[in-house]
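Note sheet for the following structure.
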Amino acid sequence: MNQMSPVSVSANGRNYPWPRVPAIAICLDGCEPAYLDEAIRAGLMPALVRIKEKGTVRTAHSVIPSFTNPNNLSIATGRPPAVHGICGNYLYNPETGEEVMMNDPKFLRAPTIFKAFYDAGAKVAVVTAKDKLRALLGHGLGHDEGRAVCFSSEKSDTTTKAANGIDNASQWLGRPVPEVYSAELSEFVFAAGVKLLKEFRPDVMYLTTTDYVQHKYAPGVPQANAFYEMFDKYLAELDALGAAIVVTADHGMKPKHLADGSPAVVYVQDLLDEWLGKDTARVILPITDPYVVHHGALGSFATAYLPKGADREAIMAKLREVKDIILVVGREEGCARFELPEDRMGDIIMISGENMTIGTSAHRHNLAALDEPLRSHGGLTEQAVPFIVNRVLPDLPNEPVLRNFDAFHYATTAATLPAG
């Protein structure tokens, strides 16, 4: 800490200690805890084993819906979606009838921790696999003082110093732009994180990946183990460079398919069409984003807008009778329970079980690209995520008190302590 550094930084009502060494949070997209367990069992993650032995190991809870955008923005702001406003990857505006992606900063209702540290004079680095998150995570960062870097693997060859804090990140790293549906998209994030730590030396850094591998491969299979073996090598480098590190995830991942390998789906729009009349209700799947090849826009959380005058209680009662839909609540109850913004949720919130997804209508989902049995997320059964710190934090709580969006609180706290 230099003489001009503050003791702490406030963001959205929480205080974050000023780190004495770089504070890093790593979000392993879709990292069901079993992935780490199986890779460790196979002897492929020696660095993580050492970190777990010298540090602190807990299980945390993600926010619901357990999707990418809500959880990444919760980690980035330290608050639930009711505060930051990003309650899915996808949003329906009932006033205009439009369905839009929530990847524009105009939807963000709270500043990020990164902006708070940047405004306080810190150096900040953010690297994300998919570009859909970059604008949200980098909102409010200036790049004219050489203190902020924010880019995605996906668009790394188009970065500029003015917009991203670095010219052509792909060339800088010496790696070609990876295919978006690949493990290499995440590896680019880790490799960039190591180089940034060595050369840029940020005070705060966030690295967040893609769950392409986790959607396709179960824990312990060779392709999944290879991914975590790769990650472990970069984790070893980050740890050796003296950073305080929190490893967590945005959500877990569960098999959502039938015995024959076909997707397990309840098509709720078809049900509501049958009960209320075609297209009078509107089912919204917040998992929907531009990258649907590996999940077909099928997840375990949905919200439904009902036509004026519909008997909501009667509709909810019928939905509760549908097999493998495990929770059906009204907007008010669901938003209070899951800390969601009421103005961005439909009349009904529903969640399916561990091995079931919720769809709109059968004809609206293109499942031809699913070349492996469906694995997905979004519900309560994908809420448990790892939370591993490479420092001893004896007062760290356990689930359900500990949340994945506590990552930077504990990363910056750990960054004030000696290495283990």
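Any read-out appearing in this document is the output of simple, stated calculations on the displayed coordinates, not a laboratory observation. Everything numeric here is computed off the predicted structure, so don't read it as measured data. Neighbour counts run over all protein chains shown; Cβ positions are idealised from the backbone, glycine included.
Take GLU154, GLU99 and order them by how many other Cβ atoms sit within 10 Å, fewest up front. Numbers along the way, then the final one.
On the way: GLU154 22, GLU99 13.
With the sparsest Cβ surroundings first, the list reads GLU99, GLU154.
Residues of the stretch 101-131 with backbone nitrogen within less than 15 Å of a virtual label 7 Å along the Cα-to-Cβ line of ALA163, please, listed as ranges.
What the label zone holds, given the 15 Å backbone N cut-off, is 104-105, 131.
When only alpha-carbon atoms count, how far does the stretch 56-150 stretch along each of its three principal axes, as whole angstroms with the largest first?
Sorted from largest, the Cα extents of the stretch 56-150 read 42, 37, 24 Å.
Taking 7 Å along the Cα-to-C-beta vector as the label spot, tell me the LEU276-TYR181 distance in nanometres, rounded to one decimal.
Those two pseudo-labels are separated by 3.3 nm.
Based on other C-beta atoms within 10 Å, arrange CYS27, CYS87, CYS335, CYS150 from fewest to most.
Result, fewest neighbours first: CYS335, CYS150, CYS27, CYS87.
Work out how much length ARG50 to ASP144 would gain on full extension: take 0.36 nm times their residue separation and subtract the Cα-Cα distance, in nm to one decimal. Walk me through the numbers before you get to the answer.
Values: separation 94, 0.36 × 94 = 33.84 nm, distance 3.92 nm.
29.9 nm is the gain from fully extending ARG50 to ASP144.
Report, in cubic angstrom per residue, the convex hull volume of the C-alpha atoms of the stretch 1-51. Before the final figure, lay out the partial values.
On the way: hull volume 6.1 nm³, N = 51.
Dividing the Cα hull volume of the stretch 1-51 by its residue count gives 119 Å³.
By how many nm would the segment from GLN223 to ASN15 grow when fully extended, if each residue of separation counts as 0.36 nm and the alpha-carbon distance is taken off?
Value of the extension gain: 70.9 nm.
Could you give the nm distance between label points at LEU241 and ASP260, where each point is 7 Å from its Cα heading toward the beta carbon?
5.1 nm
Enter the mean projected area of the convex hull around the alpha-carbon atoms of the stretch 109-150, in nm², rounded to one decimal. Write out the running numbers ahead of the final one.
On the way: hull surface 11.5 nm².
Hull-based average projected area comes out at 2.9 nm².
For the chain, what is the calculated [θ] at 222 nm in deg cm²/dmol (nearest 500), taking -39500 (n - 2.57) for each run of four or more DSSP H residues and dividing by its residue count?
Computed ellipticity for the chain at 222 nm equals -8000 deg cm²/dmol.
What number does the stretch 179-291 give for Rg over Rh if you use C-alpha atoms and the Kirkwood radius?
1.13
May I ask for the longest run of the chain untouched by trypsin sites (Lys or Arg not before Pro) that are loop-located per DSSP and have at most 14 neighbouring C-beta atoms (other than their own) within 10 Å?
Segment 1-277 is the longest.
Show me the helices of the chain, taken as full DSSP H stretches, that run 18 Å or more along their long axis by Cα and average 1.0 or above in Kyte-Doolittle hydropathy.
What comes out of the filter, once short or polar helices are dropped, is none.
For each of VAL401, VAL329, VAL283, count neighbouring Cβ atoms within 10 Å of the residue's Cβ, then give the residues from fewest to most.
Fewest-to-most Cβ neighbours within 10 Å comes out as VAL401, VAL329, VAL283.
Seen from all sides and averaged, what is the projected area of the convex hull of the Cα atoms in the stretch 265-376, in nm²?
Mean projected area of the Cα convex hull: 7.1 nm².
With both bridge residues required to lie in the chain, what share of the DSSP beta bridges run antiparallel, to the nearest 5%?
So the antiparallel bridges in the chain amount to around 55 percent.
Per residue and in cubic angstrom, what volume does the convex hull of the Cα atoms of the stretch 80-129 have?
Dividing the Cα hull volume of the stretch 80-129 by its residue count gives 96 Å³.
Report the dimensions of the chain along its three principal axes from the alpha-carbon atoms, largest first, rounded to Å.
For the chain, the Cα spread along each principal axis is 66, 44, 43 Å.
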